[in-house]
1. Let me have the 222 nm mean residue ellipticity of chain A computed from DSSP H runs of 4+ only, each contributing -39500 (n - 2.57), with the sum over all residues rounded to the nearest 500.
2. Determine the shielding of peptide B:93-101 by partner chains: average, over its residues, the number of Cβ atoms on other chains within 10 angstrom of each Cβ.
3. Take the Cα pairs of the protein assembly as shown, get the Kirkwood Rh, then feed it into Stokes-Einstein at 20 °C and 1.002 mPa s and tell me D in µm²/s.
4. Order of A:49-60, B:19-30, B:50-61 by packing, highest average Cβ count within 10 Å first?
5. Okay, which of the range A:58-75 sit inside 18 Å, backbone N to the point 7 Å along the Cα-Cβ direction of residue B:67?
6. With the contact rule set at Cα under 8 Å and sequence spacing of 6 or more, what percent relative contact order holds for the range A:3-88?
7. Taking every alpha carbon pair in the range A:3-88, what does the distance histogram look like in 5 angstrom bins from 0, in percent?
8. Roughly what would the spin-label model give for residue B:4 and residue A:59, points 7 Å off Cα along C-beta, in nm?
Amino acid sequence: MSFFSFTLIFAMAALSLCLIMTGIRFAIGPSLPDRITAFDLFVANVIGIVAIYTELTGNEDFIDVAIILSLFGFLGSISFAYYLMKSTR
Amino acid sequence: MLEDINFLLIREIISSVLIIIGVMFMLISTIGLLRFPDFYIRMSAITKGATLGLGLILSGMGIYFNEPDMFLKVVLIIGFTFLTSPVAAHVIGRTAVRNKIPFWDRTNLDEFKDYLHKEHNVHRDHERDNKQV
């Protein structure tokens, strides 16, 4: 195993740890905006994992998934905030 | 002279360093999300740290592949993330102020007090209007 694949596997493990900690915050978050920001970080972590997986396999098609995810993460958090603002008025 | 240099090894080293730095930023911002005491402080931590970490990881990947279309896609993702992450944080933070999410008790709110008072009064006016209709 070369140092490069070791680095990539270590990075994937660290990002998986990030996903677990974000899930804990998503579970115990005391308010709804906490959960929306946790979802935002969740999407960012998944984009990072997709990028590292692209580099690990050498298949360039996976990076399109990251483009679509970065679009939909923004859309999701904005629509949640809009719904929250409309529902409390 | 130029044929002796192993360019693949150089690209792998640069990409590894960028990815390790980016992953460290992501890890620190996630620990901040878990440990900070207040919603607003948590949101500032993940908005800055996760955006920078994601940009470093993606630029490391673009340097490793070293192709023009890959660079274009990487620049597209980084530009979109850097453009949309502060906007989303702003909208969620304003929604949290409107919904009276509590601040940390040690936050200095002296200069912010007038704005908070105004926002909450506007909020109350809207509630009254809805009741009248």
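Rule-based calculations on the coordinates, nothing more; no lab input. Note that the coordinates shown come from a computational prediction; the quantities given were computed from them, not determined experimentally. Here the Cβ is made from the backbone with ideal geometry for all residues, glycine too, and neighbour counts use every protein chain on show.
1. That comes out to -31000 deg cm²/dmol.
2. On the way: counts 3, 2, 11, 9, 1, 5, 7, 2, 5.
Mean shielding count: 5.
3. Working: Rh = 19.0 Å.
Taking Rh from Cα pairs, D becomes 113 µm²/s.
4. Final packing ranking: B:50-61, B:19-30, A:49-60.
5. Zone members listed by number: A:58-68.
6. Numbers: 52 pairs, mean separation 24.0, N = 86.
Once normalised by length, the contact order is 28 percent.
7. 3, 14, 20, 19, 18, 12, 8, 4, 2, 1, 0
8. Between residue B:4 and residue A:59, the label points sit 4.1 nm apart.
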